[in-house]
């Protein structure tokens with residue numbers, strides 16, 4: 001089982017990681033010689049299309065390296081999935097801040113998004129990930145492989161209302177995107193979804209998916225997004241990245257209609273204050 005989780009950056013990061021499971025990834029920049037950070041400035045890329053935000057990273061993997069993996073995942077440089085395979089004793093001895101974090105997370109409801117301001121936790125996560133041995137990695141791989149799609153905790157807001165509130169100046173672009181995608185099989189439920197009271201999934205464009213499902217998702221959304229980007233060069237900054245955060249839920253619904261036993265699950269993620277990313 002080959003799984004890779006990419007940590008998406010828009011500037012060269014202080015913390016780098018390149019292991020069997022985790023890979024630091026920066027868009028639009030060439031890392032210094034000897035760096036362990038992956039870049040998207042080669043191959044087929046949209047590195048200069050900044051309105052796609054972290055979707056630039058996903059485009060690059062989809063177009064260039066997806067065949068190498070059974071599963072791919074994407075997180076942000078300061079928003080990380082909570083993946084914790086270490087024994088309690090190991091955690092307590094080597095990573096005391098993570099030990100405390102595990103205890104705190106165990107007491108929270110499943111839909112709680114954890115904002116972290118305390119320095120040191122971010123560094124311990126990167127240090128622990130770099131230290132994972134083969135058994136630790138296998139434990140994570142087996143857990144991921146027991147699902148088809150893992151995603152961030154759902155947002156309990158009406159999608160269309162959310163877009164009106166936060167991206168009202170681009171609402172006409174959303175409606176054009178919605179109209180076009182709704183004609184595709186994978187997004188046939190999009191209109192009902194965005195107008196429903198259902199929580200929406202895909203916040204932050206963070207997920208871990210089976211590669212075939214990820215490919216299907218990219219195949220559906222990117223032709224439409226790229227066309228819109230060409231048609232509307234004056235569209236607001238980062239808008240296609242913001243819009244794609246609202247699409248995954250409709251894709252999940254359709255896939256679960258097609259395959260009722262599809263194994264989908266939200267998992268906790270940690271949101272770090274910029275000053276806590278040391």
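Nothing in this text is a laboratory measurement; each read-out follows from the coordinates by a stated rule. Everything numeric here is computed off the predicted structure, so don't read it as measured data. For neighbour counting, all protein chains shown are included, and Cβ atoms are generated from backbone atoms with ideal geometry for every residue, glycine included.
State log₁₀ I(q)/I(0) for region 185-254 at q = 0.14, 0.18, 0.24, 0.27 Å⁻¹ as given by the Debye formula over alpha-carbon point scatterers of equal weight, solvent excluded. For the requested q values the scattering log ratios are -0.45, -0.75, -1.21, -1.34.
Length gained on full extension, residue 273 to residue 216, computed as 0.36 nm times the residue gap minus the Cα-Cα distance: 17.2 nm. The slack between residue 2 and residue 36, meaning 0.36 nm per residue of separation minus the straight C-alpha distance, is 10.3 nm.
Rounded to two decimals, the Cα radius of gyration of region 122-278 over 2.2 N^0.38 Å is 1.16.
Hull volume per residue, based on the alpha-carbon atoms of region 129-173 and their convex hull, is 150 Å³.
Label points 7 Å out from Cα along the Cβ direction at residue 106 and residue 185: separation in nm? Going from the residue 106 label point to the residue 185 one covers 4.6 nm. For region 230-278, a Kirkwood radius taken over Cα pairs fed into Stokes-Einstein (4 °C, viscosity 1.567 mPa s) yields D = 90 µm²/s. A Förster radius of 25 Å, combined with the Cβ-Cβ distance separating residue 230 from residue 64, puts the computed FRET efficiency at roughly 0.70. Computed over the chain, the percent of Cα pairs more than 32 Å apart is 23. The ellipsoid equivalent to the alpha-carbon distribution of region 6-49 has semi-axes of 17, 11, 10 angstrom, derived from the gyration tensor eigenvalues as √(5λ) and listed largest first. Helix 121-131 axis versus longest C-alpha principal axis of the chain: approximately 80°, rounded to the nearest ten.
Descending by average beta-carbon neighbour count within 10 Å, the peptides 227-234, 206-213 line up as 206-213, 227-234, the highest first.
Per residue, the convex hull around the alpha carbon atoms of region 117-194 comes to 178 Å³. In region 4-93, the ratio of gyration radius to Kirkwood radius, Rg to Rh, stands at 1.01 when only Cα atoms are counted.
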